[in-house]
Amino acid sequence: MKNLFRILVVLFATVNSLSAQNNNLLINAYNRKTTSLNGPWKYIVDPYENGFYNYRYEPFENQSNPGKAAFFTNSKPDNKSDLVEYDFDKMDNILVPGDWNTQKENLYYYEGTVWYKKSFDYDLKDANRAFAYFEASNYQTDVYLNGKKLGRHVGGFTPFNFEITDIVKPQDNFLVVKVDNKRIKDGVPTLNTDWWNYGGITRDIKIIETSKNFIQDYFIQLAPKNNKLIKGYAKLDGEDIANKRVSISIPELKIKKEFTTDDTGQVSFEIDVKKVKYWSVNQPYLYDVTIETAEDKITDKIGFRTIETSGTNILLNGESVFLKGISIHEESPSRHGRGYSKEDAKQLLQWAKELGCNYVRLAHYPHNEHMVRLADQMGILVWEENPVYWTISWDNESTYENAENQLSELITRDKNRASVIIWSMANETPTSEARNSFLNKLAKFTRAKDPTRLISAALEQSSYNGSNTIRTIHDPFAETVDILSFNQYIGWYDGLPEKCSAISWKIDINKPVIISEFGAGAKYGLHGDKEERWTEEYQEDLYLQTLKMLDQIDQLKGISPWILVDFRSPRRVLAEIQEGWNRKGLISEQGEKKKAFFVLKNYYDNKKTE
Ligand code: GCU
């Protein structure tokens, strides 16, 4: 009997931890009733995961009675003889949000588990529901409230939430979070990346309180190829959500429409819109939109625009646009750690604006929500990317599920942001049968979830018919994407900048082309002749030569050079020059603009945008 009970417990724990990945993500946390849990948390560094496994390396949570040794029980000795070999409350504090690498010197290179603990009181209004909402936590996160497992989330850059309604108490709650940022072969991303593996609860964490039956999700955007029609849906969550009234109002357009949910609590709708101020780069107009039911009401600021391709053109509201962009990593210009704040986003996007950009490529993973909400307000078009980077385990089903789940969470979060025009499936992934089918499956999933945006990826480029001087795209995934993007480093990894003048590009596919990366490393303040590697003059010449070469590509419709700001990478170790920093930024990590910044600015200032 005892064994049967143990089996059932193991089964429940496994299902519970798996099911958390598909937890109903609450949309628009921005404008909901929330209580922040940001601030100082107690933490324990646990490289051997001693707080999660017993000495036989069996998970405590699979035991019927985990006992006090499991850190998630936040136990104290019962008396002076009792043995408990940890005490959160006697530990130091660490700030949430924020990576641990740049907060604690002894954790700079740390890759492993850190336990976080926060005690709090919470007065949940009668009949309401409550959720613990994480904007992001890198990489694998196990969450426990008052000793009970809420669930597990895998993926370091997308939001997730767990319901706490039946567990949270008015006083003395303790939320224990196990964050493990170990890189793993079957992960997304996989073992090797050219960015710092910032670990921790890296973005805001909050409690969201909702009514018993609430508005969990909605999609309110113009129908593809029809700028006179809003086509969307709303989804309720709760016990009593069938045949419920949902109203959508956009006062400035004199729209207030009522719809009724089906048996599953969902309703799809179409709303004719006559005179819309279309969102654009020059007029980033956002409408106040309210979604309301008898129990819940949520507001959002939504821009309406169309984005599509026609032959080799990218059309924003029907007009051809050239994407004058820059690639950006999510690093704080002030703290030099994982970015997360509105101030971080403002500084990065202001620099992009100063550069003359109308577009940014948020590499290589979903950035925090401030970036896209600010881009909505500033009129900056956005490429968002799933961290399917380099040599992913293409044959592994759970790797695919993980990649799809992270993309799903990103699309759920940002599908109402007018600034977001491109979902990128991947970056620089070596072609193979398995990789092609993995990416095609992701693209199919994405189109079904959001038919209104364009799909791209940094594809593989190669020589044209074996030529030494003509380049092309032979990547099979080029058939699937809407925009042909690829990274090329002629003049840095491939010859010297003068080589650009000998190269031409022949791309026989009738789609727009974006060069998603090019660049060169330069240490700010290091000067010499333009052939001297790492000088600002070398980088400046690379930009001059590359821009000349790229202008020869007839269907070139955008560029996002690599990269706005120098960023941390453990792969960049050259003494006196890199020392843990990738130096391809146009701006140093101290905010100093290099000479190449002004080359690109001049190019954009003189570039027609249509
Ligand atoms: C690659 C990759 C980037 C990397 C860059 C570089 O194209 O996409 O993530 O940082 O090259 O080598 O600096």
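The values are calculated or read from the model by the stated rules, or taken from the named source; none is laboratory data. Since we're looking at a predicted model, the values are computed, not measured. Backbone-built Cβ (ideal geometry, glycine too); neighbour counts: all protein chains shown. Quick note on the areas: whole protein, heavy atoms, side chains included, nothing else; ligands and nucleic acids left out. Shrake-Rupley method; radii C 1.70, N 1.55, O 1.52, S 1.80 Å.
Considering only 392, 317, 501, and ranking their Cα positions along the charge dipole of the range 316-605 that arises from unit charges at the beta-carbon of Lys, Arg, Asp and Glu, the one farthest toward the positive end is 317.
Given a 1.4 Å probe and the protein chains as shown, residue 391 ends up with an accessible area of around 70 Å². The residue among 260, 236, 280 whose Cα reaches farthest toward the positive pole of the charge dipole of the range 222-294, with charges on the beta-carbon of Lys, Arg, Asp and Glu, is 280. What's the FRET efficiency of residue 510 with residue 166 using the Cβ-Cβ distance as r and R₀ = 45 Å, to the nearest 0.05? In this case the efficiency is close to 0.20.
Accessible surface of the range 222-294, 1.4 Å probe: 46 percent of it comes from carbon and sulfur atoms. Computed on the range 316-605, with alpha-carbon pairs under 8 angstrom and 6+ residues apart, the relative contact order is 17 percent. Angle of helix 342-354 to the longest C-alpha principal axis of the chain, folded into 0 to 90 degrees and rounded to 10: 10°. Note on residue 592 and residue 35: the extension gain reaches 196.7 nm, defined as 0.36 nm multiplied by sequence separation minus the Cα-Cα distance.
Charge dipole (Cα centre; +1 on Lys/Arg Cβ, -1 on Asp/Glu Cβ; no other charges) of the chain amounts to roughly 980 debye. Could you give the length gained on full extension between residue 469 and residue 91, defined as 0.36 nm per residue of separation minus the Cα-Cα distance, in nm? Result: 130.0 nm gained on full extension. A 1.4 Å probe over all protein chains sorts 455, 241 by accessible area into 241, 455, starting with the largest. Okay, which of the range 587-608 sit inside 13 Å, backbone N to the point 7 Å along the Cα-Cβ direction of residue 574? No residue qualifies, since no backbone N sits under 13 Å from the label point.
Solvent exposure of the range 497-610, expressed per residue, is 41 Å² of accessible area, with all protein chains present and a 1.4 angstrom probe. Dimensions of the range 177-229 along the principal axes, based on C-alpha atoms and rounded to the nearest Å, stand at 47, 36, 19, largest first. If you roll a 1.4 Å probe over the range 316-605 with all protein chains in place, what percent of the accessible area is carbon or sulfur? Of all accessible area on the range 316-605, carbon and sulfur atoms account for 48 percent. The residues of the range 222-294 expose, per residue, 56 Å² of accessible area to a 1.4 Å probe.
One Cα centroid belongs to the range 370-394, the other to the range 252-272; the line between them spans 29 Å. Taking a ≥ b ≥ c as the square roots of the eigenvalues of the Cα gyration tensor, an a/c ratio below 1.5 marks the range 2-211 as rounded.
In the chain, the DSSP-assigned H stretches of four residues or longer account for a calculated mean residue ellipticity at 222 nm of -5500 deg cm²/dmol, using -39500 (n - 2.57) per stretch and the full residue count as denominator.
Accessible area per residue (1.4 Å probe, heavy atoms of protein chains only) ranks 474, 367 as 474, 367, with the largest value leading. Over the range 2-211, accessible surface divided per residue gives 45 Å², non-protein components excluded, 1.4 Å probe.
The fraction of accessible area contributed by carbon and sulfur in the range 2-211 is 53 percent, rounded to a whole number (1.4 Å probe; ligands and nucleic acids excluded). Specify whether the C-alpha gyration tensor of the range 367-496 places it in the rounded, prolate or oblate class, a ≥ b ≥ c being the square roots of the eigenvalues: rounded for a/c under 1.5, otherwise prolate if a/b is larger than b/c and oblate if not. Oblate shape, in that a/c is at least 1.5 and b/c is the bigger or equal ratio. Relative to the longest principal axis of the Cα atoms of the chain, the long axis of helix 369-378 lies at roughly 40 degrees. Evaluated with a Cβ-only charge set (Lys, Arg +1; Asp, Glu -1), the range 222-294 carries a dipole of roughly 620 debye about its Cα centre, given to the nearest 20. Let me make sure I get this right: for the chain, a, b and c are the square roots of the gyration tensor eigenvalues over alpha carbons, sorted descending. Under 1.5 in a/c it's rounded, otherwise prolate if a/b > b/c, else oblate. Which is it? Oblate, since a/c reaches 1.5 and b/c is not below a/b. Using a simple spin-label model with pseudo-atoms 7 Å out from Cα toward Cβ, residue 191 and residue 225 lie 4.6 nm apart. For the peptides 29-37, 374-382, 420-428, 544-552, the ranking by mean Cβ contacts within 10 Å, running from highest to lowest, is 420-428, 374-382, 544-552, 29-37.
With 0.36 nm allotted per residue and the present C-alpha distance subtracted, the residue 272-residue 245 stretch has 7.8 nm of extension available.
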